[in-house]
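Enquirer: Please find one structure pasted underneath; my questions will follow.
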Amino acid sequence: MQYHFHGATYEHDPSVVPVSEGQVGGKYRGAEWKTHVANVPSHPRAPRQLRYRGVMYS
């Protein structure tokens, strides 16, 4: 999906993480809700070069 903000255009690529239902986490208005557990181990992301008002930072 392509977004525009203050004249800047960027792409959004959401990551998909497979999850499985965990145990009951509690109740809300009489309905039980369950926790979700990721099926893959998390790994650190590579640092990104960002820009704020023309100044690059990471």
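Enquirer: Are there trypsin sites (Lys or Arg not before Pro) in the chain that DSSP marks as loop and that have at most 15 other Cβ atoms within 10 Å, and which are they?
Expert: Working: sites: Lys27, Arg29, Lys34, Arg45, Arg48, Arg51, Arg53; in loops: Arg29, Arg45, Arg48, Arg53.
Answer in residue order: Arg29, Arg45, Arg48, Arg53.
Enquirer: Hey, if you put +1 on the Cβ of every Lys and Arg and -1 on every Asp and Glu Cβ in the chain, which of Ser20, Asn39, Gly7 ends up farthest toward the positive end of that dipole?
Expert: Farthest along the dipole direction, towards plus: Gly7.
Enquirer: Given R₀ = 35 Å, FRET efficiency for Glu21-His43 by Cβ-Cβ distance, to 0.05? Working shown, then result.
Expert: Values: r = 23 Å, r/R0 = 0.66.
My answer for the efficiency is 0.90.
Enquirer: Relative contact order for region 12-58: what is it in percent, counting Cα pairs under 8 Å that are at least 6 residues apart?
Expert: Details: 45 pairs, mean separation 12.9, N = 47.
Worked out over region 12-58, it gives 27 percent.
Enquirer: Taking the Cα centre as origin and putting +1 on Lys and Arg beta-carbons and -1 on Asp and Glu beta-carbons, what dipole magnitude results for the chain, to the nearest 20 debye?
Expert: On the way: 7 positive and 4 negative charges, 53 e Å.
Dipole about the Cα centre, nearest 20: 260 debye.
Enquirer: Here's another thing I want to ask about it. If I model a spin label at Arg51 and His6 as a point 7 Å from the Cα along the Cα→Cβ vector, what separation in nanometres do I get?
Expert: In this crude label model, Arg51 to His6 measures out at 1.3 nm.
Taken together, the values in this text are just the output of simple stated rules run on the coordinates, not laboratory data. Just so it is clear, the model here is predicted, and its values are computed rather than measured. Ideal geometry is used to build each Cβ from the backbone, glycine not excepted, and the neighbour counts take in all protein chains shown.
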